[in-house]
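Worksheet: the structure to be examined is printed underneath.
The values are calculated or read from the model by the stated rules, or taken from the named source; none is laboratory data. Because the structure is a prediction, the values reported are computed rather than measured. Note that each Cβ is placed from the backbone with ideal geometry, even for glycine, and that neighbours are counted across all protein chains shown.
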């Protein structure tokens, strides 16, 4: 066999090997990104004003999926949690009926008695101080609710923009299996009316 022919074969073999390594690296990077998204942190965008003024339409945020126990993709099985949801946590979840991602504030835990009287939230018959709560001029039927007791394995979710929120008052306590993660930080915000970024909101810790 001629020396030139052997050299060409080595070059082709070397080229295939490099291409294979490049493809393998890309696939590993994609797999790691998917695992991270599914189990550690995920990005979400706020589409409505139900959490005003804590969160605004056009806010982009990161959610901690690890805190409550990451959900294994395509199942309702969860990894061990760092801690359980607490009152006041802002939580992203899959709506049990619509299948969309929602974000609301957890106001009550399993076993809690929940009641709303004239826009005042009562948990276990005690009024709750809600400095984040936003009210419009007319609450209508949303200004009063309950009382009910939150079942085991469920939490009660309300929007901060109390009169403009589709939440547990309409569809009941949320089964914890639908929880996706806890809102952490706003990494970008877009003002759709003025077509300009809201720089003052970027980096804000969500509480």
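Here are a few things to note about the model shown:
- Taking the range 96-122 as the range and being over 19 Å from residue 163 (Cβ atoms) and not in a strand (DSSP E or B) as the test, the residues that pass are 96, 97, 98, 99, 100, 109, 110, 111, 112.
Matching residues to (1) free of Cβ contacts under 8 Å to residues at least 40 places away in the same chain; (2) within 14 Å of the chain's Cα centre (by Cα); (3) closer than 24 Å to residue 171 by Cα:
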site	(1), (2), (3)
56	no, no, yes
60	no, yes, no
68	no, yes, yes
75	yes, no, yes
83	yes, no, no
92	no, yes, yes
106	no, yes, yes
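- The single residue among 184, 157 that is touching a helix residue (DSSP H, G or I) at 6+ places or on another chain (Cβ under 7 Å), in the same structural domain as residue 52 (by TED's automatic domain parsing) and within 25 Å of residue 66 (Cβ to Cβ) turns out to be 157.
- Evaluation of residue 206 against (1) in contact with a strand residue (DSSP E or B) (Cβ under 6 Å, 6 or more places away or on another chain); (2) assigned by TED's automatic domain parsing to the domain that holds residue 114 (one fails), failing number: (2)
- Taking strands (runs of 3 or more DSSP E) as the structural unit, those lying wholly within the range 123-207 and holding at least 1 residues that are closer than 20 Å to residue 58 by Cβ correspond to 179-191.
- Condition met for residue 108 (surrounded by 12 or more Cβ atoms within 10 Å (Cβ to Cβ), within 21 Å of residue 177 (Cα to Cα) and out of contact with any strand residue (DSSP E or B) (no Cβ under 8 Å at 6 or more places or on another chain)): no
- Some residue of the range 95-104 being over 24 Å from residue 72 (Cα atoms) and free of Cβ contacts under 8 Å to residues at least 40 places away in the same chain: no
Rundown of residues vs (1) modelled with pLDDT under 60; (2) assigned to a helix (DSSP H, G or I), yes/no style:
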residue	(1), (2)
1	yes, no
11	yes, yes
14	yes, yes
28	yes, yes
35	yes, yes
44	no, no
50	no, no
